[in-house]
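Undergrad: One structure follows; several queries about it will come next.
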Amino acid sequence: MAYRLILASQSPRRQALLREMGLVFTAQGANIQEDFPDTLPAQEVPVFLAQAKATAMQSGLTEQDLLITADTIVVLGNQIINKPLNKPDAVAMLQRLSGKPHLVYTGVCLQGLGKSETFVEKTTVYFRPLTTAQIQHYVDVYAPLDKAGAYGIQDWIGLIGVERIEGCFYNVMGLPTSRLYAELEKAGWLKLVKS
């Protein structure tokens, strides 16, 4: 029996990455309040949120469904940097990230076939010092208000501002593709997904 793959994300970046992996899927939104306990260590937050998304969608799943949920956060020092509220907030976030390394964590939950698997992937991103003009141009032209940390590494700011990374590039885009593929393969889910 083949299984239907569902990506619980409206993110065009996650959808594009899954398509480029050669997987056939349907996309559905998982609307949850992205709240988490203040005492939760940063690296556990995206897994907590990915599991919350999976729980929110669980009632609509059938035995033939395999659900992928994910959440990505940016961490500078000990502080989680969420999505910006508006353009001035985005500028302020990028000014804080300028010239410093920060961490990007993506938590993934795989739900289906009577079991659930979760994992988290970490990437370190090193930004060059950015000028105020560069930051303002990026925010004005690319409006990165839907992105954690107020930037997309695949955008102009990544091309001119990211000096180097340690870890998975695609993790910074919101989906650690090689780890996801390995986890699907290890669990035996890849051969069961309808292609």
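Undergrad: Would you mind ranking Trp156, Trp189 by Cβ crowding within 10 Å, fewest neighbours first? Could the numbers behind the result be given before it?
TA: Details: Trp156 14, Trp189 19.
Taking fewest neighbouring Cβ atoms as first place, the list is Trp156, Trp189.
Undergrad: Highest GNM mean-square fluctuation, the chain, Cα pairs closer than 10 Å: which of Gln33, Gln136, Gln95?
TA: Gln33
Undergrad: Within the stretch 1-67, report the GluC sites (Glu not before Pro) that DSSP leaves as loop and that have at most 16 other Cβ atoms within 10 Å.
TA: Working: sites: Glu20, Glu34, Glu44, Glu63; in loops: Glu34, Glu63.
Answer in residue order: Glu34, Glu63.
Undergrad: Show that you can apply the helix-only estimate: for the chain, add -39,500 (n - 2.57) for every DSSP H stretch of four or more residues, divide by all residues, and state [θ] at 222 nm to the nearest 500.
TA: On the way: 7 runs with 65 residues, N = 195.
Rounded to the nearest 500, the figure is -9500 deg cm²/dmol.
Undergrad: Student exercise: in the stretch 4-192, how many lysine pairs 8 or more apart or on different chains have Cα atoms under 28 Å apart?
TA: 20
Undergrad: Would you mind calculating the relative contact order of the stretch 4-192 from Cα pairs under 8 angstrom and at least 6 residues apart, reporting the percent as a whole number? Intermediate values should be presented prior to the final figure.
TA: Numbers: 351 pairs, mean separation 40.4, N = 189.
The normalised contact order for the stretch 4-192 reaches 21 percent.
Undergrad: Taking +1 at the Cβ of each Lys and Arg and -1 at the Cβ of each Asp and Glu, which of Ala92, His102, Ile153 sits farthest along the dipole of the stretch 4-192 towards its positive end, judged by Cα position relative to the Cα centre?
TA: Value computed over the given set: Ile153.
Undergrad: Say we join alpha carbon atoms closer than 10 Å with springs in a Gaussian network model of the chain; which of Met57, Met21, Met93 then has the biggest fluctuation?
TA: It is Met21.
Undergrad: Taking other Cβ within 10 Å of each residue's Cβ, how do Tyr151, Tyr181 sort, fewest first?
TA: Values: Tyr151 28, Tyr181 14.
Result, fewest neighbours first: Tyr181, Tyr151.
Undergrad: Could you pull out every residue, at least 5 positions away or on a different chain, whose amide H is within less than 5 Å of the one on Asp146? Hs are placed 1.01 Å off N in the peptide plane, and Pro or chain starts have none.
TA: none
Undergrad: Give, rounded to the nearest 20 debye, the magnitude of the charge dipole that the chain has about its Cα centre when Lys and Arg contribute +1 at Cβ and Asp and Glu contribute -1 at Cβ. Intermediate results must be reported in sequence, preceding the final value.
TA: Working: 18 positive and 18 negative charges, 72 e Å.
So the magnitude is around 340 debye.
Undergrad: Rounded, prolate or oblate for the stretch 97-149? Axes are the square roots of the Cα gyration tensor eigenvalues, ordered a ≥ b ≥ c, and the cut-off for rounded is a/c under 1.5.
TA: Cα axes put the stretch 97-149 in the oblate bin.
Undergrad: Using Cβ contacts closer than 10 Å as the measure, can you line up His137, His102 from fewest to most? Could the numbers behind the result be given before it?
TA: On the way: His137 14, His102 18.
If I rank by nearby Cβ atoms, fewest first, I get His137, His102.
Undergrad: I would also like to ask the following. How many percent of all Cα-Cα pairs in the chain sit more than 24 Å apart? Each step should come with its number before you reach the end.
TA: Working: 7420 of 18915 pairs.
It works out to 39 percent of all Cα pairs.
Undergrad: Moving on to the next point. Sort the stretch 26-119 into rounded, prolate or oblate with this rule: let a ≥ b ≥ c be the square roots of the eigenvalues of the Cα gyration tensor; rounded if a/c is under 1.5, and if a/c is not under 1.5, prolate when a/b is larger than b/c, oblate otherwise. Display every interim value, and only then the final one.
TA: Details: a/c = 2.70, a/b = 2.11, b/c = 1.28.
Prolate is the answer for the stretch 26-119, as a/c is 1.5 or above and a/b outweighs b/c.
All of the numbers you see were taken from the coordinates with simple rules; none came from a lab. Just so you know, these numbers come straight off a predicted model, no measurement behind them. Here Cβ is always computed from backbone atoms with ideal geometry, including for glycine, and neighbour counts include all displayed protein chains.
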